[in-house]
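Here, each number is a calculation from the coordinates, and none is a lab measurement. Nothing here was measured: the structure is a model prediction, and the numbers come from that model. As a convention, Cβ positions derive from the backbone with ideal geometry for all residues, glycine included, and neighbour counts pool all protein chains shown.
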Amino acid sequence: KGVYKGYVTDLAKEYLDTLSKEDLSQVEVYSCGPHPMLEAVAKLARDYNLPCQVSLEEYMACAVGGCAGCVVEVQTDDGPAMRRVCVDGPVFDAQSVFS
């Protein structure tokens with residue numbers, strides 16, 4: 001007992017389902033981890049209409065934005081854009097990365 005075996009999103013969903021609408025309105029989601037997990041967390045947050053921020057794990061060769069080795073595509077109000085994780089992140093709004 002005390003150890004959960006399964007996906008973190010399944011456990012989070014179980015918890016979120018116990019909350020009232022008022023309590024749910026106070027929830028924000030923050031996540032870091034591998035890309036597939038972040039994508040699943042972003043979907044969960046979208047399903048519950050929760051704000052969500054993710055910390056991306058990308059290789060950063062120079063760490064100052066010069067090499068563009070850590071670039072990811074994000075959705076902006078002006079359409080898709082490329083952002084450097086080392087300079088513009090590593091934390092991004094989940095829905096801008098996983099839309």
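A few remarks follow.
- Extension gain (nm, one decimal) between Val3 and Asn49, 0.36 nm per residue minus Cα-Cα: 13.8 nm
- Using a 4.7 Å Cβ-Cβ cutoff, the cysteines of the chain lacking any partner cysteine are Cys32, Cys52, Cys70, Cys86.
- Compactness of region 40-81, taken as the C-alpha radius of gyration over 2.2 N^0.38 Å, stands at 1.49.
- Dipole-positive endmost among Gln95, Val71, Ser20 within region 8-97 (Cβ charges, Cα centre): Val71
- Within the chain, antiparallel bridges make up roughly 70 percent of the DSSP beta bridges whose residues both belong there.
- Residue exposure sequence - Cys62, Cys52 - by fewest surrounding Cβ within 10 Å: Cys62, Cys52
- Qualifying aspartates and glutamates (Cα of each under 18 Å from Cα of Lys1; at least 8 residues distant if same chain): Asp10, Glu14
- Rounded to the nearest 20 debye, dipole of the chain from Cβ charges on Lys, Arg, Asp, Glu: 300 debye
- Scattering curve values for the chain, log₁₀ I(q)/I(0), Debye with Cα scatterers, q = 0.17 Å⁻¹: -0.80
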